[in-house]
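Q: This is the structure I want to talk about, given as C-alpha cells.
Bear in mind these aren't lab numbers, they're just calculated from the coordinates by the rules spelled out. Just so it is clear, the structure is predicted and the values come from calculations on it, not from any experiment. Here the Cβ positions follow ideal geometry from the backbone for every residue, glycine too, while neighbour counts run over all protein chains shown.
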C-alpha cells in the first residue's frame, strides 16, 4: 500500500450520511471508506459493497471439524486399538456425536475468527492510519480518495454541500504495519510522498 | 435504513436520560479511566485473599490426595463436583444472553451482554479447576488429551461422557472467549482513541488489534457475530446436556434419568441469570451505570428467572413422580428415603433446594417485586444457594447410600480444605471480575449506540409524539367519510 491523499468529512447524523453517500457516489467520487463507531445497517449496500462470504468459510471450517472428529475417533477406536466396552460395537457412532458436534463448533468458531482477523488485518500491535479519532466515538467519517482527475476544491465544496463538517485534505497510509500506539511510527519508516 | 423502524411503546426505554453518542462513550468509559475507588480496592483485596486461601487448599490436596477432602469409596464426588456443576451452570447465562437473545433480536441484551459474557468466561475457568484437581495425580492431567503415547498408543475413551465433558467445556470456553473478545475490539479501539496516558495508548492500542471502524470491517463483524451466535446457541445447550450425561448415563439410582438434559439446561440458565443479577446490581451501583442497566433490564431478567425456576420445579416433580411411577425399587428408595424423608441425614438439603429454587422465585409474578432492587438482590443470592444445593442433592444423596447397606457412608461433611478450594474459586472469579471492570468497558459501547435511536429515552418519546401526530392527522383526514 502507499500513502495517498484523501478528502475527509465528518457526519453527525445517519440521516445526513445516507443521502450524502448516495450523492458522492453518483457524482463519481471514489469513496475510500466510511468509518463509524457502530455498525450501520444498510451502509455497506449504499457503498456498493458485496455481502461477505465469511459464513461460507465458517461452514467449511465446521465440516472440517466434523470430519476430523469422526475420522480420528473411528480410526482410534475401531482400527488402531480396539477396546471392548461391554460388548458394544467398536464403531459406535451415536456415542461419538457429542464430540463430533463440539469439534464442528470449535473448528468453525476458531477458523472464522482467524479468517475475520486475516481479512480485516487485525492482530495485536497492528497499527493503521486513522482519519479522525472521533470515528470511534460519535461521528461518521467519510474519506474520499483523490485521484489525478479529482478537483480538490470542488470535492471539498461538494462534501460540505452534502452535509459534512470539518472537511479536510489528509495524506494517509492505506495499509497496516506493526507499531505501538503510544509512539509515532510510520510504515517502514517511509516519508510522506507526494501523490 | 433501520433507523425509523417501529419500536413498541409498551416496552420502556433501554437507555435512560437524554443521551447522544458521545455521552454514551463518556459514561461507559468513565469507570475505566478513573482511578479505582476505595470500594474497588477493598473488594479486590478480599478476592485476592480468597484466591490465596484456594491456592493453599489446592496445594494441601495435591500433597495429601483427595482423601484430604473427606471423600471416600462411597462418596467419591462431594463438594468438588457439586461446585463444578454449579460454576458451569452459572457460566450459561452469558452465552445465552449474547447468543440466543441476539438470534431472537432482543434489544435488551445490549446493556448486559458484556458483563454476562465476562462472567461466563470466569465461571467456566472456576468450573474447570474442580475436575482437574479432583484427578488427584494432577501431573497426569494431560492424559485426557488424545495424543500418541507410549502406552499402546492407548487412546482415551471417546464413548465416555467424562471425555465428552472435556471437549464440551474446553470448546465452550474457547468459543465464549472469542465471542467476547471480538465484541470488545471496537470498544477497546474507542478507549485507545480517547487515551491520554502513555500506558493506556500502548495497552489499548495492542488490545484493539488496530480496529478502525471501517464499513467493510463492520459488515464482517456483524456476519461473524451472527454466525458465532448461531453456533453458540446449540453449544450452550450441548454443554450442560453433556454435564448432565455425566450422571444420566450411569446406573446410580437418582442419576439414571432421561429428564436430566433439559432439566440441567433450565437449571443452568436459572442459576446463571441469578448470578448476572447479583453482579449487575452491584456493578451498576458502584460504577454509576443505572441509566444503561435499567429497571427494564432487571425486570426482564427476573421474568427469565421465574420462568426457568418454574421449569426446574416441574422437572423436580416429574423426576419424583417417575421414581414412584416406574416401580423401580432402588430409584424410589433414593427419592423417598434419601431426599423426601426430612428425617434422613440429608433430607434438609432437599427442602432447602425446593424452597430456594421453586417456591421463592414465584414472588416474581408480581411486577412490584421484579422491580424492587433489594428483593431482586436477595432473591439472586437465594437462587444461587438453592442451585448449589440442587447439585449437592443430586450428587451426595444419590451416592451416600448405595446398593450395599454395609458400605453406607457415615455423614459426609467437607473439610476446611474442600471449603477453601471452593472459596478459592470465588477469589479467582471476583479477582478476574474486578480486573475486568477496571480495564474493560462493562457495557458494550458500540451496541448501546446501535440501539440508541430505537430504544433511547429521548428518541422513544419523539417516536411516540410522531405517532400520535400522524394518528391525529389520519383521523382528521378521515373524519367526514
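Q: With contacts defined as alpha carbon pairs under 8 Å and 6 or more residues apart, what's the relative contact order of the stretch B:136-275 in percent?
A: Numbers: 92 pairs, mean separation 30.2, N = 140.
The value is 22 percent.
Q: If packing is taken as the average number of other Cβ atoms within 10 Å across a peptide's residues, how do A:25-32, A:176-183 rank, most packed first? Display every interim value, and only then the final one.
A: On the way: A:25-32: 14.2, A:176-183: 16.6.
Output ranking for A:25-32, A:176-183: A:176-183, A:25-32.
Q: Figure the gain on full extension for residue B:45 and residue B:250 (residue separation times 0.36 nm, minus the Cα-Cα span) and round it to one decimal in nm.
A: 69.6 nm
Q: I've got another one for you. So if each residue of separation counts as 0.36 nm, and I subtract the Cα-Cα distance between residue A:97 and residue A:45, what length gain in nm does that give?
A: Length gained, residue A:97 through residue A:45: 14.7 nm.
Q: Please report B:327, B:221, B:92, A:130 as a ranked list, fewest other C-beta atoms within 10 angstrom at the top and most at the bottom.
A: Listed from fewest to most nearby Cβ atoms, that is B:327, A:130, B:221, B:92.
Q: If r is the Cβ-Cβ distance from residue B:362 to residue B:438 and R0 is 35 Å, what FRET efficiency results, to the nearest 0.05?
A: 0.40
Q: Next up: Could you work out the mean count of beta carbons from other protein chains within 10 Å of each residue's beta carbon in B:155-168?
A: 5
Q: When the helices in the protein assembly as shown are scored as -39500 (n - 2.57) per DSSP H run of 4 or longer and the sum is shared across all residues, what 222 nm value do you end up with, to the nearest 500 deg cm²/dmol?
A: -19500 deg cm²/dmol
Q: How far apart, in nm, are two points set 7 Å out from the Cα along the Cα-to-Cβ line at residue B:475 and at residue B:38?
A: Spacing of the two 7 Å Cα→Cβ label points: 5.8 nm.
Q: Let me ask you something else. Take the alpha carbon gyration tensor of the protein assembly as shown, find the square roots of its eigenvalues, order them as a ≥ b ≥ c, and report rounded if a/c is under 1.5; if not, report prolate when a/b exceeds b/c, else oblate.
A: Since a/c reaches 1.5 and a/b is larger than b/c, the shape of the protein assembly as shown is classed as prolate.
Q: Could you tell me the center-to-center distance, by alpha carbons, between the stretch B:141-183 and the stretch B:348-413 in angstrom?
A: Each part's Cα centre sits 31 Å from the other's.
Q: Hey, got the average number of other protein chain Cβ atoms within 10 angstrom for residues in A:52-63? Don't skip to the answer; put the middle values down first.
A: Values: counts 8, 2, 8, 5, 1, 2, 6, 1, 0, 0, 2, 0.
Counting Cβ atoms of other protein chains within 10 Å of each residue's Cβ and averaging gives 3.
Q: Give the peptides B:183-190, B:19-26 in descending order of average Cβ contacts within 10 Å, highest first.
A: B:183-190, B:19-26
Q: Take the Cα coordinates of the stretch A:54-119, assign each an equal point scatterer, and use the Debye formula without solvent to give log10 I(q)/I(0) at q = 0.17, 0.29 Å⁻¹.
A: Results for the stretch A:54-119 at q = 0.17, 0.29 Å⁻¹ read -0.62, -1.13.
Q: For a footprinting-style exposure proxy, rank B:194, B:339 by other Cβ within 10 Å, fewest first.
A: With the fewest neighbours first, B:194, B:339 line up as B:194, B:339.
Q: Here is a further query. Once you have the Cα-Cα distance between residue A:160 and residue A:90, take 0.36 nm times their residue separation minus that, and quote the gain in nm to one decimal.
A: Length gained between residue A:160 and residue A:90: 17.9 nm.
Q: In addition: Among A:99, A:60, A:83, which one shows the biggest mean-square fluctuation in a GNM of chain A, springs joining Cα atoms closer than 10 Å?
A: Between A:99, A:60, A:83, it is A:83 that shows the largest mean-square fluctuation.
Q: Run the simple label-point estimate for residue B:282 and residue B:149 please: 7 Å along Cα→C-beta, distance reported in nm.
A: 4.0
Q: Calculated FRET efficiency, residue A:123 and residue B:197, Cβ-Cβ r, R0 30 Å, to nearest 0.05?
A: 0.80
Q: Additional query: Averaged over B:445-454, how many beta carbons belonging to a partner chain fall within 10 Å of each residue's beta carbon?
A: Going residue by residue through B:445-454 and averaging, the value is 3.
Q: Output the 0 to 90 degree angle, nearest 10, between the alpha-carbon long axis of helix B:79-90 and the longest principal axis computed from the alpha carbons of chain B.
A: 20
Q: Going by Cα centres, the stretch A:8-66 and the stretch B:198-234 are how many Å apart?
A: The distance from the Cα centre of the stretch A:8-66 to that of the stretch B:198-234 comes to 15 Å.
Q: Another question, then. Rounded to the nearest 0.05, what FRET efficiency is calculated for residue A:15 and residue A:147 with R0 set to 41 Å and r the Cβ-Cβ distance?
A: Numbers: r = 29 Å, r/R0 = 0.71.
For R0 = 41 Å, the calculated efficiency reads 0.90.
Q: With each pseudo-label sitting 7 Å past Cα toward Cβ, what's the residue A:60-residue B:322 distance in nm, one decimal?
A: The two pseudo-label positions are separated by 4.4 nm.
Q: Under the Kirkwood approximation for Rh and a Cα-based Rg, what ratio Rg/Rh is obtained for the stretch A:62-194?
A: 1.32
Q: Separate question: Which of B:63, B:295 has the fewest other C-beta atoms within 10 Å, and how do the rest follow up to the most?
A: B:63, B:295
Q: Shifting gears a bit: What angle do you read, to the nearest 10 degrees and between 0 and 90, between the alpha-carbon axis of helix B:109-134 and the longest principal axis of chain B?
A: 20
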